[in-house]
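Everything on this sheet refers to the single structure shown next.
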Amino acid sequence: MTKDDDIQQTPEGSAELWIGAVPSLGPGGRDVFLGLGSHAEEPGARLARVLLDRGHEGEEGVFYLLPEDLAARYERTGDRLAVTLLARRDVLAHVLGARPEEERVLPGALPCDPLDVDRVVLLRRELTTGFVPVEQGGELQPVLLVDHAAGPDAGPEELIALFEEGEAGIAVLNAELLLPDRA
């Protein structure tokens, strides 16, 4: 069961991961959304922003990415839900091929995905929640990646308002679930 305060929670050691509703995307429901601010300088965040340029716009302000370009993985451990952002090494090499040298070395600084050596871990965020992502039609609930220019202290309400004003974009990422026996 989802706690009502999930959307307002910024857990210790993690930021910009929330569970809540994005009203513009449809009525009801609870979504998992991850903020990706232009202020984030982590190598993985910088690469995720580069990969967002490969998105294809669906509804206004909502972008869809190929699973090979950028994907997410859910992992539940006790009362913690983790979301890991993943990218394929070959996609990163292709995208970064025409970029300045300092950007081309970024993937080497990232950890390898323990389940697939052809992918790297861009970001990992966790929060304490009872929320369990749902499966519909054989697909796990996607992760909504909110690309924004708000500051690092922006909360989910501010990001949703920015999206509704056309000042932030949402990328819909395919997600998978890491089962404890696969770890």
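The values are calculated or read from the model by the stated rules, or taken from the named source; none is laboratory data. All values derive from a computational prediction rather than experimental measurement. Glycine gets a Cβ as well: all are built from the backbone with ideal geometry, and neighbour counts include every protein chain shown. Accessible surface is based on the protein model in full, side chains and every heavy atom, while ligands, DNA and RNA are left aside. Shrake-Rupley method; radii C 1.70, N 1.55, O 1.52, S 1.80 Å.
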At 10 °C and 1.306 mPa s, the Stokes-Einstein diffusion coefficient in µm²/s for the range 54-183, with hydrodynamic radius from the Kirkwood sum on alpha carbon pairs, is 98
Add +1 for every Lys or Arg and -1 for every Asp or Glu among the other residues with Cβ under 11 Å from the Cβ of Glu167, and state the total.
-4
By accessible area (1.4 Å), largest first, His94, His148 order as His94, His148
Under 15 Å from a point 7 Å along the Cα-to-Cβ line of Leu177: which residues of the range 121-138 have their amide N that close?
130-138
Over the range 49-183, calculate the relative contact order: mean separation of alpha carbon pairs under 8 Å at least 6 apart, over the residue count, as a percent.
31
Descending accessible area (1.4 Å probe), largest on the left, turns Thr128, Thr77 into Thr77, Thr128
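I need the semi-axes of the equivalent ellipsoid of the range 128-183: take the C-alpha gyration tensor, multiply each eigenvalue by 5, square-root it, list largest first in whole angstrom.
One finds semi-axes of 27, 14, 10 Å for the range 128-183.
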